[in-house]
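Colleague: Sharing a structure, written as C-alpha cells. Questions coming.
The values are calculated or read from the model by the stated rules, or taken from the named source; none is laboratory data. Owing to the predicted nature of the structure, the values given are computational and were not obtained by experimental measurement. Cβ sites come from the backbone with ideal geometry, for glycine too, and all protein chains shown count toward neighbours. Calculation scope for accessible area: heavy atoms of the full protein, side chains included, ligands and nucleic acids excluded. Shrake-Rupley method; radii C 1.70, N 1.55, O 1.52, S 1.80 Å.
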Amino acid sequence: MTTQTTEHQGPQESRVFAPSAEFAAQATVSGMDAYKALWTEASQDYEGFWARLARENLDWKVPFTRTLNEDDAPFYKWFEDGKLNVSYNCLDRNLENGNGGKTAIIFEADDGAVTNVTYKELHEKVCKFANGLKSRGIKKGDRVIIYMSMSVEGVAAMQACARIGATHSVVFGGFSAKSLQERIIDAGAVAVITADEQQRGGKRLPLKSIVDEALAMGGCDTIKDVIVYKRTGGDVAHVAGRDIWLHELVEGQSAECEPEWVEAEHPLFILYTSGSTGTPKGVQHSSGGYLLWAALTMKWTFDIKPSDVYWCTADIGWVTGHSYIAYGPTAVGATQIIFEGIPTFPNAGRFWETVAKHKVSIFYTAPTAIRSLIKAADVDPKVHPKNYDLSSLRLLGTVGEPINPEAWMWYYKNVGGEKCPIVDTFWQTETGGHMITPLPGATPMVPGSCTLPLPGIMTAIVDEAGHDVPNGQGGILVVKRPWPSMIRTIWNNPERFKSSYFPEELGGKYYLAGDGAIRNKDTGYFTITGRIDDVLNVSGHRMGTMEIESALVANPLVAEAAVVGKPDETTGESICAFVVLKQARPTGEEAKRLALELRNWVAKEIGPIAKPKEIRFGDNLPKTRSGKIMRRLLRVLAKGETITQDVSTLENPAILEQLKEAS
Ligand code: WT7
C-alpha cells in the first residue's frame, strides 16, 4: 500500500453555500441539528439505529430479531434471520400504498420517443418476466447475466431475477465478448438476458451477436438460455433450444408471481469491478441491507418526495444504475426517467432539453458529463443550459469521481440557477450506496468536497499503520464499522475479499476504500484525493492498470507494457500506455499505425472504455536493478513533466528520454 496523499494539502476552497431556508424547511433531514441527532442515535446504539431504520423502511415477510452478526468478521451478516423480497418492496408495496397508477418510469428513447410505465404495469411486466424465467427452470440461487442497454426491460429483468431469488450480474453493454465470457464463467451463470441491438446516439450497436461470440469462446456450458429483447429488430442469429425472444417467453404468462421470500443475506446481485491486481472482482451484495440503504439514501441524500421527477443518467451496467435506478427509486415509489441515449445526441443540449421536457426536479450525473457539456456550450452557445427552461430542478447531484470546483460552480449557477443544492456523493461499487455526501437540506456545501459521512457511516482517515491522522493531514480512507449495504464477499474468492478490503496492515478490522482523503482542519469536511492503488477512473469508469496491461501483452506483438493514469480535463483521468514491442521500436507513421492497432486490440479484449488514449513505444521500460517497473516515473512522464525524483536506483536512466513524448 502506498499513499501519495500526504503531499496533497487538500483544496484551498473557501466558498460555502448553505442550503436555502426554503429547501431546508421541507427537507427530510432538515438542518444540521437533525443530522447530528441521527448521528447521536447511531453512536449511542449502533445496532438499534440500524434495526429501527430497517423496520421503518422495508417490508419484512419474517421480521429479523438479530441485527448484526460479527462472529465471522469481516463476513458480516445483517438482519440475518429476517426474510423479505426485494421486488416485493419495490413494486407490490407501491400497489398496496395506492400508487399503482403512478408513473414509475418515463422512458426517453434515443430518438426522443417517450413511453410511460406505471407501477401497476411495471409489476405486471416483472411478474410475467419472472414467471417466464421460472418456466425455463431458473430458480433461487441461480446466477443470471444481464447484458442490456438502458431500457424498461433491463430494469424489469433485474427485478424479475430479484422476484424469484436468482442472483443477477449486469454486464455493461460496452464490454467486449471476452469480458462477458469471463464474467459468465466466474459467475457460473445459467442464462443471459440481452437485446438484439442497442440504440445509442443515432446508431445501432450489437449486443446479441456479442453474446453469441462470448458463448462460442467456450467454457460457458452452464448457460442454458439466452433471452433476447427485441429492441431494434436488427438481424440476429437464433440458436434453437437455447435462444428465446423475450416477448415469446412472457406470452401467456400470469401477471401474478408470488415472490420468493429470501433471507436478508441472500445475494441480490454480483457486479464485477476492477481492482488493482488480477481479474475483475465479483462484488456480492445482499438483499436486506443493500435495499435498506438504497431506499434510505433516496430519502436522505435525494430528499425524494412523491411529486418529484427524478433522473439518474447512469447506466444499469454500473452500481449507480443498480442502487439509484433499478432499486432505490422504485423502493420509495418515485417517478424516474430512464434514458436510452447519450448526452450529445442529437446535440449537447440533450440533457437540458430532457430536463425541460419532463420537468425533472432531481438530476444526478457524473462530473465528466458536466465537464464535457461545459466545453460543448463554449463551442456552441445554443446548447448552453440558459437556453432551456430548467426551473423544475430543485436538487442536483454528482457521482463517480471528484468534481473540480469550477465545474461545480458552473453546474450550480447554470443548471441549478443558484437555488439547487448539489450533493457530491462519494461511494463505490462495494459500498452499495452513498457514504460521504452533503444532505441537501442540512449541510453547507463547499465546491469539491463531498463534506460529511451519512449518519451511521463510520468513515475515518488513517495512516499506513491504521492510526487516525489529524484533520488537515492526508491519509487512507477507511470505514471503521460494518454497515448494512456493504459488500459481503467477492464471488468465488473470500480470501481476496479479506485481503483487498480488510488488510492486516490496518488491523484487519477497517474497511479499506482504496482512496486517499483529507479532512479540512476547521470543518472536518472530507475531500477525496484519488485512488491509492493502481485503479484508474476514466470518465467515472473504474479500470485496473493491470487489466489493461494484461490485455496489451496478450497481443503477439507486445513484449511488455505498463499503464498509468494521466490527468485529463474532461475525463478526469486518461489511460497512457508505455509499450515495448518484440520488434524494434517503431517511429513515425509505423508507430501511429501500431498504436491504433493496439488501441483496437484493447477494445476487443476488454471494451472500448479501456482503450488507451495514448501509447508510447520504448526499447524498454524504466526499471530498478531488481527489475521492478518504476510507475511513479511513468506517471510523471505521462503528464509531460520533468522528472525531479531520485533516479539513482534506475537501471536504465537513458530510457526516460525516449518515453518523454508520444511516439
Ligand atoms: C471510485 C468508485 C460511486 C458509484 C460509481 C463509481 C471514485 C466515486 C466520488 C466522489 C470523488 C469519487 C472513488 C471511488 N469516486 N464518487 N463523489 N468524489 N471520488 O463506483 O466504479 O466503484 O468507483 O470512484 O475513487 O473509490 P466505482
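Colleague: Starting from the coordinates of the alpha-carbon atoms of region 373-463, obtain the Kirkwood hydrodynamic radius over all distinct pairs and give the value in Å to one decimal.
Modeller: 14.5 Å
Colleague: A further question on this structure: What are the residues whose amide H is under 5 Å from the amide H of Phe617, where those residues sit 5 or more places off or on another chain and H is modelled from the backbone?
Modeller: Residues meeting the criterion, in which the H sits 1.01 Å from N, are Val579, Ser663.
Colleague: Over region 131-247, with the other protein chains present, what is the accessible area per residue in square angstrom, probe 1.4 angstrom?
Modeller: 32 Å²
Colleague: Determine ³J(HN,Hα), in whole Hz, for all residues of region 603-617 in sequence, where each value follows from phi through the Karplus function 6.51 cos²θ - 1.76 cosθ + 1.60 and θ = phi - 60°; x replaces Gly and Pro.
Modeller: My calculation for region 603-617 gives 4, 6, 6, 10, x, x, 5, 9, 4, x, 6, 9, 10, 10, 9 Hz in order.
Colleague: Could you please state, rounded to a whole Å, how far the C-alpha centre of region 298-318 is from the C-alpha centre of region 214-234?
Modeller: 31 Å
Colleague: Taking the Cα centre of the chain as origin and charging only Cβ (+1 Lys, Arg; -1 Asp, Glu), how large is the dipole, in debye to the nearest 20?
Modeller: I would put it at about 540 debye.
Colleague: Given a cut-off of under 8 Å on Cα pairs at least six residues apart, what relative contact order in percent is computed for region 238-303?
Modeller: 24 percent
Colleague: Mind listing the long-range amide H neighbours of Asn652? Cut-off is under 5 Å, sequence gap 5 or more, other chains count too, H placed in the peptide plane at 1.01 Å from N.
Modeller: Hits under the 5 Å cutoff: Lys623.
Colleague: A further question on this structure: About the Cα centre, and with charges only on the beta carbon of Lys, Arg (+1) and Asp, Glu (-1), how big is the dipole of region 539-659? Nearest 20 debye, please.
Modeller: With only Lys, Arg, Asp and Glu charged at Cβ, the dipole is about 160 debye.
Colleague: If you don't mind, another one. Going from the alpha-carbon gyration tensor of region 174-219, what semi-axes, largest first and in whole Å, does one get by taking the root of 5 times each eigenvalue?
Modeller: Value: 21, 10, 9 Å, ordered largest first.
Colleague: Continuing with the same structure: How many angstrom separate the Cα center of region 53-67 from the Cα center of region 544-568?
Modeller: Answer, in whole Å: 47.
Colleague: Could you report region 267-418's accessible area per residue, 1.4 Å probe, as an integer in Å²?
Modeller: Ligands and nucleic acids excluded, the result is 27 Å² per residue.
Colleague: Tell me, what does the Kirkwood hydrodynamic radius of region 9-151 come to in angstroms if you use every pair of distinct C-alpha atoms?
Modeller: 20.0 Å
Colleague: Only helical DSSP H runs with n ≥ 4 go in: add -39500 (n - 2.57) per run for the chain, normalise by residue count and round the 222 nm mean residue ellipticity to 500 deg cm²/dmol.
Modeller: The helix-only estimate for the chain comes to -8000 deg cm²/dmol at 222 nm.
Colleague: Still on this structure, please answer the following. Pairs of alpha-carbon atoms within less than 8 angstrom and 6+ residues apart define the contacts here; what relative contact order does the chain have, in percent?
Modeller: Once normalised by length, the contact order is 14 percent.
Colleague: Give me the Kirkwood hydrodynamic radius of region 118-260 in Å, from all C-alpha pairs, to one decimal place?
Modeller: Result for region 118-260, one decimal place: 15.0 Å.
Colleague: Follow-up. Quick one: what are the phi-derived ³J(HN,Hα) couplings along region 68-78, Karplus 6.51/-1.76/1.60 with θ = phi - 60°, whole Hz, x for glycine and proline?
Modeller: Ordered by residue, 3J(HN,Hα) equals 10, 10, 10, 4, 10, 3, x, 8, 6, 10, 10 Hz.
Colleague: Cα centroids of region 405-461 and region 601-635: how far apart, whole angstrom?
Modeller: Between the Cα centres of region 405-461 and region 601-635 lies a distance of 34 Å.
Colleague: Can you give me the % of accessible surface on the chain that is carbon or sulfur? Probe 1.4 Å, all protein chains present, nothing else counted.
Modeller: Reported share for carbon and sulfur atoms: 50 percent.
Colleague: So for region 222-304, Kirkwood radius off the Cα pairs, Stokes-Einstein at 37 °C and 0.692 mPa s: how many µm² s⁻¹?
Modeller: Answer from the Stokes-Einstein relation: 192 µm²/s.
Colleague: Now a separate question. In debye, nearest 20: dipole of region 335-438 around its Cα centre with unit charges on the Cβ of K, R (+) and D, E (-)?
Modeller: Taking the Cα centre of region 335-438 as origin, the dipole is about 340 debye.
Colleague: Here is a further query. Per 10 Å bin from zero, what fraction in whole % of the C-alpha pairs of region 539-659 is there, up to the bin with the longest pair?
Modeller: The percentages, shortest bin first, are 13, 46, 34, 7.
Colleague: Name the residue from Ala21, Phe497, Gly516 whose Cα lies farthest towards the positive end of the charge dipole of the chain, charges +1 on Cβ of Lys and Arg and -1 on Cβ of Asp and Glu.
Modeller: Most positive-ward Cα: Ala21.
Colleague: A further question on this structure: Identify, among Ser449, Ala177, Asn85, the residue whose Cα sits farthest towards the positive end of the charge dipole of the chain, taking +1 on the Cβ of Lys and Arg and -1 on the Cβ of Asp and Glu, with the dipole about the Cα centre.
Modeller: Ala177
Colleague: Whole number in Å², please: accessible area per residue of region 539-659, 1.4 Å probe, ligands, DNA and RNA not counted.
Modeller: Per-residue value: 46 Å².
Colleague: Taking just the alpha-carbon atoms of the chain, what radius of gyration and Dmax come out, in angstrom?
Modeller: Values for the chain (Cα only, Rg and Dmax): 24.4, 74 Å.
Colleague: Whole-Å semi-axes of region 251-390's equivalent ellipsoid, largest first, each the root of 5 times a Cα gyration tensor eigenvalue?
Modeller: Largest first, region 251-390 gives 32, 21, 15 Å.
Colleague: Output needed: Cys residues of the chain lacking any neighbouring Cys C-beta below 4.7 Å, sorted by number.
Modeller: Cys90, Cys161, Cys220, Cys312, Cys420, Cys450, Cys576, each lacking another Cys Cβ under 4.7 Å.
Colleague: Work from the charge dipole of region 539-659 (Cβ charges, +1 for Lys and Arg, -1 for Asp and Glu, about the Cα centre) and give the residue of Ile615, Thr545, Cys576 farthest towards its positive end.
Modeller: Thr545
Colleague: Where a ≥ b ≥ c are the square roots of the eigenvalues of the C-alpha gyration tensor, would you call region 112-194 rounded, which needs a/c under 1.5, or, failing that, prolate if a/b is larger than b/c, or oblate?
Modeller: oblate
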